[in-house]
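The next block holds one structure in the form of structure tokens; read it before the comments.
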Amino acid sequence: MLNVPSQSFPAPRSQQRVASGGRSKVPLKQGRSLMDWIRLTKSGKDLTGLKGRLIEVTEEELKKHNKKDDCWICIRGFVYNVSPYMEYHPGGEDELMRAAGSDGTDLFDQVHRWVNYESMLKECLVGRMAVKSAVPKGMLPKSQAADPLAKESPVSPSYDWFQTDSLVTIVIYTKQKDINLDAVIVDYQNDSFRAETIIKDYSYLIHIGLSHEIQEEFSVRIVENVGKIEIVLKKTENTSWTCLGHPLENHNLFIPKKDTGLYYRKCQLISKEDVTHDTKLFCLMLPPSTHLQVPIGQHVYLKLTITGTEIVKPYTPVSDSLLSEFKEPVLPNNKYIYFLIKIYPAGLFTPELDHLQIGDFVSISSPEGNFKISQFQELEDLFLLAAGTGFTPMIKILNYALTNIPTLRKVKLMFFNKTEDDIIWRSQLEKLAFKDKRFDIEFVLSAPTSEWNGKQGHISPALLSEFLKRSLDKSKVLICICGPMPFTEQGIRLLHDLNFSKDEIHSFTA
Ligand code: FAD
Ligand code: NAD
């Protein structure tokens, strides 16, 4: 509800502004952009009305502050006076008022739990909730956190460790078969060791302040058929450790992933290449002490500090090219992450990203998203509907499907753009279609020049019904759709009208 992801905020002349749809977004008044808000928070103005004091807020007190000009909201145990922020909230005042005088944590999490409200609203902090709400959900002791969902949740993993003279091996027993290397994310930063294992929608965390120093690089192995993960650390000195270390926040907890915070590590900008007039391919390198692979169809959050405020936006990692063989599972220690990012000159985040120099740092979160590779099982027809940078999740999907799904007969991409100049990787797509006869591509332009003799217009019943022909009568089909919110929402409606079921459609939203 706070700071609605601005990817859905259409640029002034964008076609996105024509249609309604998306989450309730409002055009903001002149001088009320997020950048203006950041400036206001730096102005030294007393935004809470408490002259810098922090207070303990009771539930009764919180309830009293439920009007637009006096609106307090609790998020994860902290209370904010959001009245000064009302006019700057990209989702509008009414959206904020839904949580006025109450605990807005769940509402906030439903819409965009990734938004760094702590930074955006730090000048609005009134204080902490007294007693009950003071404990953030993710901080509950293990038994309390896991119990209410115990029936549905997978069995909690456990861990153990052992050592030789030079190595320490941490073993995570996931108690699940079919665990992949992308299920575990390992970081070692400032003596703190962190290994997060994702099992279904749950997260199991090992978080330890190590008792001794280790070398930066470590290895991660999976023993697949028994679901065991082994993380082998190299000791700096060949001494015997009497203990692994001391537990840090959320250590040994197994909790729903949605209740965990996002974890970031600093990555270095390695290269930046023009792809179209406004879109660039960025290559970022993970630190040597991180093991992280972004699963297909998932995104991460990039974080930069812009005039003193941390700003976070989601981006979908891509392969470095469409034509390279799909190599991620083969190269588990790949340290490079690629992004295709469109620079919006009037945007908040992308111009800042564009100004980074090679060697500068950007923080990258752990992956998020609900695309499951199991959706490919026995797939015969894959249809991809992408608009603009909504093409990004399709890249790995396309590569993976063509390389790894033996049942696949047909992959078709319908790629919507404004003009020919906006088409990302057009020649690579055409080469791929030439090379692999199972793959077809159709470009549709909404603002073509008079020379264009391909398809034109917006997503429509006519375009879709002609395009979405199964290769066999009852073939197993998956349709992936991604683009501006109004595009995606309209597309989903049209797909339902064409009798595709929910299970046959995967839409990418934040
Ligand atoms: P913003 O500040 O959001 O502005 C974008 C444009 O909208 C600007 O022209 C601005 O002037 C205009 N604008 C902003 N607010 C308003 C308003 N209230 N009224 C009217 N106009 C307004 N993008 C990519 O390029 N590549 C990706 O791989 C990618 N992956 C994504 C994955 C997910 C899951 C999601 C949800 C989005 C993804 N995006 C991706 C979009 C990305 O997150 C950003 O939204 C985008 O980069 C714009 O950010 P910005 O801060 O630069 O621009
Ligand atoms: P754009 O403005 O260049 O538009 C590309 C095409 O989208 C247009 O040619 C048109 O066919 C279609 N379109 C645009 N507005 C429409 C509307 N109102 N109704 C119907 N069709 C419409 O697109 P862009 O600037 O590249 O934006 C891409 C969007 O995709 C952003 O909003 C971004 O947040 C989103 N995105 C989402 C994800 C995700 O995983 N959720 C990933 C990448 C990008």
>> Below 10 angstrom from the Cβ of VAL79, what's the summed charge of the other residues (Lys, Arg +1; Asp, Glu -1)?
In response: -2
> So what's the net charge close to VAL171: Lys and Arg +1, Asp and Glu -1, counting the other residues with Cβ under 12 Å from its Cβ?
Replying inline: 0
>> For LYS474, give me every one of the lysines with a C-alpha distance below 29 angstrom, ignoring sequence neighbours fewer than eight places off in its own chain.
In response: LYS372, LYS396, LYS410, LYS412, LYS435, LYS437, LYS455, LYS502
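In what sequence, highest mean first, do 36-45, 394-403, 205-214 appear when ranked by Cβ atoms within 10 angstrom? The partial results should precede the final answer.
Details: 36-45: 14.6, 394-403: 21.7, 205-214: 17.8.
Highest mean packing first, the order is 394-403, 205-214, 36-45.
Place a +1 charge on the Cβ of each Lys and Arg in the range 373-507 and a -1 charge on the Cβ of each Asp and Glu, then give the dipole magnitude about the Cα centre in debye, rounded to the nearest 20.
On the way: 17 positive and 17 negative charges, 71 e Å.
The calculated dipole for the range 373-507 is roughly 340 debye.
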> So what is the relative contact order of the range 312-419, in percent, for Cα pairs below 8 Å that sit 6 or more residues apart?
Replying inline: 31 percent
> Hey, if you drop one equal point scatterer on each alpha-carbon of the range 264-368 and run the Debye formula without solvent, what base-10 log of I(q)/I(0) do you get at q = 0.11, 0.13, 0.15, 0.22 Å⁻¹?
Replying inline: -0.32, -0.45, -0.61, -1.34
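Highest mean first, what order results for 297-309, 438-450 on Cβ atoms within 10 Å? Walk me through the numbers on the way to the answer.
Numbers: 297-309: 18.5, 438-450: 15.5.
Result, highest mean Cβ count within 10 Å first: 297-309, 438-450.
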>> Once the cut-off is 19 Å, how many percent of the Cα-Cα pairs in the range 158-259 end up in the long-distance tail?
In response: 40 percent
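Please state the relative contact order of the chain as a whole percent: Cα pairs under 8 Å, 6+ residues apart?
Working: 989 pairs, mean separation 57.8, N = 510.
After rounding, I find 11 percent.
By the scheme Lys and Arg +1, Asp and Glu -1, what is the net charge of all other residues having a beta-carbon under 14 Å from that of GLU310? Kindly include the intermediate steps, with their values, before the conclusion.
Numbers: positive: LYS42, LYS122, LYS266, LYS303, LYS313; negative: GLU118, GLU123, GLU352.
Overall, the nearby charge balance is +2.
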> For the pair ASP69 and SER460, how long in nm is the line joining their label points, each one 7 Å along Cα→Cβ?
Replying inline: 5.1 nm
>> Under 14 Å from a point placed 7 Å out from the Cα of LYS228 along the Cα-to-Cβ direction: which residues of the range 186-222 have their backbone N that close?
In response: 221-222
> Reported to two decimal places, what Rg/Rh ratio describes the chain when computed on Cα atoms with Rh from the Kirkwood expression?
Replying inline: 0.97
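I need the fraction of alpha carbon pairs in the range 373-507 separated by more than 24 Å, rounded to a whole percent. Numbers along the way, then the final one.
Details: 2174 of 9045 pairs.
Taking all Cα-Cα pairs of the range 373-507, the fraction more than 24 Å apart is 24 percent.
All of the numbers you see were taken from the coordinates with simple rules; none came from a lab. What you are looking at is a predicted structure, and each value in this text was computed from that prediction instead of being measured. Note that we place each Cβ from the backbone using ideal geometry, even for glycine, and neighbour counts take in every protein chain shown.
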